[in-house]
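The values are calculated or read from the model by the stated rules, or taken from the named source; none is laboratory data. The structure displayed is predicted, hence computed values, not measured ones. Cβ atoms come from the backbone with ideal geometry, glycine included; neighbour counts cover every protein chain shown. Just the protein is used for accessible areas: all its heavy atoms, side chains included, with ligands, DNA and RNA removed. Shrake-Rupley method; radii C 1.70, N 1.55, O 1.52, S 1.80 Å.
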Amino acid sequence: MGQVLAACPDVHKWVIMDRDAVERWAEGRVTLLGDACHPKTPYMAQGAAMAIEDAAVLSRCLDGIDRDGVADAFRRFEATRRGRTTRVQETSRANIWLRERTDTSWVYGYDAWSVPLAA
Ligand SMILES: Cc1cc2nc3c(=O)[nH]c(=O)nc-3n(C[C@H](O)[C@H](O)[C@H](O)COP(=O)(O)OP(=O)(O)OC[C@H]3O[C@@H](n4cnc5c(N)ncnc54)[C@H](O)[C@@H]3O)c2cc1C
């Protein structure tokens, strides 16, 4: 570790911010996704993964929708994604991921292109 630090031109400490998910992701024709609505601690390395999954699901919710359907599509997007992103947030916050043998399929087996969309 000392050698790694010695090889760095400079280093700095970086605080880890912990936030709860925001209560509502969308308002009218504006929605948040990714870290903006479900930021998480880094202990599962899932922040970018969740943002990419959000984008895939959001694109499915918007597929074939005209402008009058956008607010409803955003509601559907949030309803489809909130449970999963909250679970990842809470698991990451607890900092228990992979500390013991555990079933990882709920994280890595999720397919954003085929997961059923909420009603
Ligand atoms: C050191 C580190 C390591 C990480 N490792 C992993 C990993 O291994 N795996 C993983 O899945 N995740 C990892 N993450 C988390 C991941 O980087 C984030 O969760 C992810 O980037 C979130 O994507 P996002 O699009 O939601 O937000 P961001 O990537 O933060 O994108 C938001 C963008 O909006 C821009 N922006 C902000 N305000 C405005 C404005 N007013 N107008 C216009 N643009 C604006 C910002 O400049 C930024 O480009 C890591 C993060 C860090 C810091």
Would you compute, for the Cα atoms of the chain, the largest minus smallest coordinate along each principal axis and list the three values in descending order, in whole Å?
58, 34, 23
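Given a 1.4 Å probe and every protein chain left where it sits, what share in percent of the accessible area of the range 57-111 is carbon and sulfur?
Numbers: 1580 of 3490 Å².
Here carbon and sulfur together make up 45 percent of the probe-accessible area.
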About the Cα centre of the range 1-56, what is the dipole size in debye to 20, counting +1 per Lys and Arg Cβ and -1 per Asp and Glu Cβ, all else neutral?
80
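Arranged from highest to lowest average of other beta-carbon atoms within 10 Å per residue, in what order do the peptides 93-100, 38-45 appear?
On the way: 93-100: 11.4, 38-45: 17.6.
Top of the packing list down: 38-45, 93-100.
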To the nearest 10 degrees, how steep is helix 70-94 against the longest Cα principal axis of the chain, on a 0 to 90 scale?
20
Roughly what angle does helix 47-62 make with the longest principal axis of the chain, taking Cα atoms, 0 to 90 degrees, to the nearest 10?
10
Over the chain, what is the relative contact order in percent, taking alpha-carbon pairs closer than 8 angstrom and at least six residues apart?
28
Average accessible area per residue (Å²) across the range 15-108 - probe 1.4 Å, nucleic acids and ligands excluded
61
Computed over the range 70-114, the ratio Rg/Rh where both radii use C-alpha atoms and Rh is Kirkwood:
1.09
